[in-house]
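**Student:** There's a structure below that I have some questions on.
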Amino acid sequence: AKAQGRGTYRIFAPEMDEHLRARLEMEADLRHALAAQQFEIVYQPIYELATSQLRGFEALLRWTHPQRGAVCPARFIPLAEETGLIVDIGAWVLRRACADIMLLPGDLRAAINISPVQLAFGYIVETVSEVLRETGLDPGRLELEITETSLFADDQRNLDVLRRLRALGVRIVLDDFGTGYSSLSHLRLFPLDKIKIDRSFVQEMTHRPDSAAIVDALAALALRLNMTTTAEGIETAEQLEVARRVGCTEGQGYYLGHPQPIRHAFAAATRPLQH
Ligand code: C2E
Ligand code: CA
Ligand code: CA
Ligand code: CA
């Protein structure tokens, strides 16, 4: 073990677990990724199901590591969250995605994932209002996707942050509904505009009538509470059909369009939808 100043130790033993070594390396690389311009955003189209009209895009972060190549978000986002790097990275995503969506014709929306860490420590209200001012994006075209797990930590504070965000005019979307600790009480406790139904649920609907019944009821409940629903992870024509039938407002998934760089995403999405 090597002392690194008072009270902190870093272990560089050769027998160190390979996983830990890789992790520390990746963490060090992640610190430089933003400045080294290794991040890119890809955009996945979101359609209104009743009309098959393009409504907007979800911004999804990609990291190309100079040696390892593409690193998937499921690996580097948790690391960025543990290290706090997600605050700066997330602000970059917001700025970039809002600027990108402004380049497109029409009033398409940008849906952007916000980490629980950004909600808790990230000056998120200040960052969002700054980005709106800088880019000139109509706040009504910005959707912030948050997960339910982020609502647990400190309900009162989170509630306050969400209210302040909503007061800016942006929409709050509850992501991944149907996984983990989904709770109906969140739907009335928190100021939400939309519920995104997790793909595990969406994909079950075609072979499990009970799952379809739950989503059907949820979509109806959402409308009663002045919210809409998005079915995510639609991979087949059959899943699209069921999502429509149970009354989901919007749909997203590989069957409708893959995440792509903004120019390709827009070109692909503006070709007439066959579905
Ligand atoms: P998410 O927010 O639930 O995003 C949807 C994920 O599902 C994306 O994975 C997307 O590429 C994938 N997906 C879309 N359609 C389909 C489909 O039809 N089938 C299947 N199997 N998958 C589909 P991705 O891009 O790997 O992102 C994974 C997660 O990483 C995201 O899940 C989100 O939680 C997180 N993430 C991505 N970008 C950001 C970001 O900029 N900030 C934060 N905080 N998190 C991000
Ligand atoms: Ca999302
Ligand atoms: Ca999701
Ligand atoms: Ca997810």
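**Student:** May I ask you to say which residue of 94, 85, 142, 104 is within 18 Å of residue 58 (Cβ to Cβ), away from ligand 2 (no atom under 16 Å from the Cβ) and not aromatic (Phe, Trp, Tyr)?
**Tutor:** Just a single option satisfies the conditions, and that option is 104.
**Student:** Additional query: What tally of residues in the range 119-133 results from selecting those that are among the charged types (D, E, K, R) and in contact with a helix residue (DSSP H, G or I) (Cβ under 7 Å, 6 or more places away or on another chain)?
**Tutor:** 0
**Student:** Now a separate question. Would you say residue 247 is at pLDDT 95 or above and within 15 Å of ligand 3 (Cβ to nearest atom)?
**Tutor:** no
**Student:** Here is a follow-up. Which residue pairs have Cβ atoms under 7 Å apart, sit 6 or more places apart or on different chains, and have a first residue in the range 220-244 that is in contact (Cβ under 8 Å) with a residue 24 or more places away in the chain and closer than 19 Å to residue 204 by Cβ and a second that is within 11 Å of ligand 1 (Cβ to nearest atom) and among the basic types (Lys, Arg)?
**Tutor:** Close Cβ pairs satisfying both conditions: 230/196; 232/196; 232/199; 233/199.
**Student:** Let me ask something else. Would you be able to say whether some residue in the range 154-163 is more than 12 Å from ligand 1 (Cβ to nearest atom) and closer than 23 Å to residue 252 by Cβ?
**Tutor:** Scanning the range 154-163 turns up at least one residue that is more than 12 Å from ligand 1 (Cβ to nearest atom) and closer than 23 Å to residue 252 by Cβ.
**Student:** Take the range 251-260 and flag every residue that is in contact with an Asp or Glu (Cβ under 6 Å, 6 or more places away or on another chain) and crowded, with 21+ Cβ neighbours inside 10 Å.
**Tutor:** Selection gives 252, 253.
**Student:** Restricting the first residue to the range 60-78 and requiring it to be closer than 19 Å to residue 97 by Cβ and among the charged types (D, E, K, R), which pairs with a second residue that is in a helix (DSSP H, G or I) and modelled with pLDDT of 95 or more meet a Cβ separation below 8 Å and a spacing of at least six or different chains?
**Tutor:** Correct list of pairs: 62/73.
**Student:** Sticking with this one: Which residue pairs have Cβ atoms under 8 Å apart, sit 6 or more places apart or on different chains, and have a first residue in the range 166-191 that is closer than 16 Å to residue 143 by Cα and a second that is assigned to a helix (DSSP H, G or I) and polar (S, T, N, Q)?
**Tutor:** Partner pairs satisfying both residue conditions: 168/129; 190/158.
**Student:** Test residue 132 against the stated conditions and say whether it is in contact (Cβ under 8 Å) with a residue 24 or more places away in the chain, surrounded by 22 or more Cβ atoms within 10 Å (Cβ to Cβ), part of a helix (DSSP H, G or I) and more than 16 Å from ligand 3 (Cβ to nearest atom).
**Tutor:** So residue 132 fails the test.
**Student:** Follow-up question, since we're still on this one. Is it fair to say residue 240 is buried (at least 21 other Cβ atoms within 10 Å of the Cβ), at pLDDT 95 or above and either polar (S, T, N, Q) or out of contact with any helix residue (DSSP H, G or I) (no Cβ under 9 Å at 6 or more places or on another chain) (or both)?
**Tutor:** For residue 240, the condition - buried (at least 21 other Cβ atoms within 10 Å of the Cβ), at pLDDT 95 or above and either polar (S, T, N, Q) or out of contact with any helix residue (DSSP H, G or I) (no Cβ under 9 Å at 6 or more places or on another chain) (or both) - is met.
The values are calculated or read from the model by the stated rules, or taken from the named source; none is laboratory data. This structure is a prediction, so every number in the text was calculated from the model and none was measured. Reconstructed Cβ throughout: ideal geometry from the backbone, glycine too, with neighbour counts over all protein chains shown.
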